[in-house]
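The structure appears right after this line, and notes come after that.
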Amino acid sequence: MGSVARQPLQGQRPAQGLALSSRATHIAPAPRRSAGPARRGRYSAVAMGLHWAIASLLLTNLALGFFGASLDGADKLFVISGIHKPIGMTVLVLSIARAIWRLLHRPPPYSAAVGPLQRRVAGAVHGLLYGLMIGLPISGWWMSSALPARHAFTYFGLFPLPFLPVPQAMWIAVAADQVHMTLGWAVVCAIALHVTAALKHQFFDRDDVMARMAFWMADRNA
């Protein structure tokens, strides 16, 4: 009788052990998923902010440059010296900051759907855009500095902007102006190519390339 009474207690011990094991498994914390932007396939907030700030200012300044070239006298001086040049200096500073950030922070990887050729083309276009974003304002700055009769300009009236230490000669200013105009049209073409490629990825390839830089789009990898 005594041995029979003890058997159920002995039989319950494994069941209690399983229950404790199950409870421990149930309350074990789930592994945390990294929220790093590169792991999620998106650029960082700083990179996205610089990208869209530069894009907005660059497009505005291109329009002002082409519009200002059609004006004369005081109107041209106001548009070019008062607005176009300060915005150009802003684009220059932000573009240099963007290039430094890119060198110090590895961009997020492309998805597997983007082939090696597309990655090389994208890298070449990005390199071209960086060169143009820096070279375009420098060429305009050079042109203004090389004029024999310089027109002083300020940063939106807040403080004066310096001239580059370059020789002052009309032929140098004209050459720099030609370079500035050529780079302006090159920027237009590069932006058109960049936007076309982004739209192709979004609506034709239907991958996440555009979402890597578009902060308003949902992160598919989150």
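The values are calculated or read from the model by the stated rules, or taken from the named source; none is laboratory data. These numbers were taken from a predicted model, which means no experiment stands behind them. Reconstructed Cβ throughout: ideal geometry from the backbone, glycine too, with neighbour counts over all protein chains shown.
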Pairs returned, first residue in the stretch 116-143 that is closer than 19 Å to residue 51 by Cα, second residue that is of a type in the set (Ser, Thr, Tyr) and in a helix (DSSP H, G or I), beta-carbon separation under 8 angstrom, 6 or more apart or interchain, are 130/95; 133/95; 134/95; 137/95
If we ask which residues in the stretch 152-173 are touching a Phe, Trp or Tyr at 6+ places or on another chain (Cβ under 9 Å), more than 21 Å from residue 61 (Cα to Cα) and assigned to a loop (DSSP other than H, G, I, E, B), their number turns out to be 1
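Condition check ((1) modelled with pLDDT under 95; (2) of a type in the set (A, V, I, L, M)) across all residues:
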| position | (1), (2) |
| --- | --- |
| 110 | yes, no |
| 129 | yes, yes |
| 153 | yes, no |
| 176 | no, yes |
| 220 | yes, no |
Among (1) part of a helix (DSSP H, G or I); (2) closer than 21 Å to residue 122 by Cβ; (3) without any contact (Cβ under 8 Å) to a residue 12 or more places away in the chain, residue 217 falls short only on (1)
Just one listed residue, out of 149, 176, is hydrophobic (A, V, I, L, M, F, W, C) and either in a loop (DSSP other than H, G, I, E, B) or under 18 Å from the mean Cα position of the chain (by Cα) (or both), and it is 149
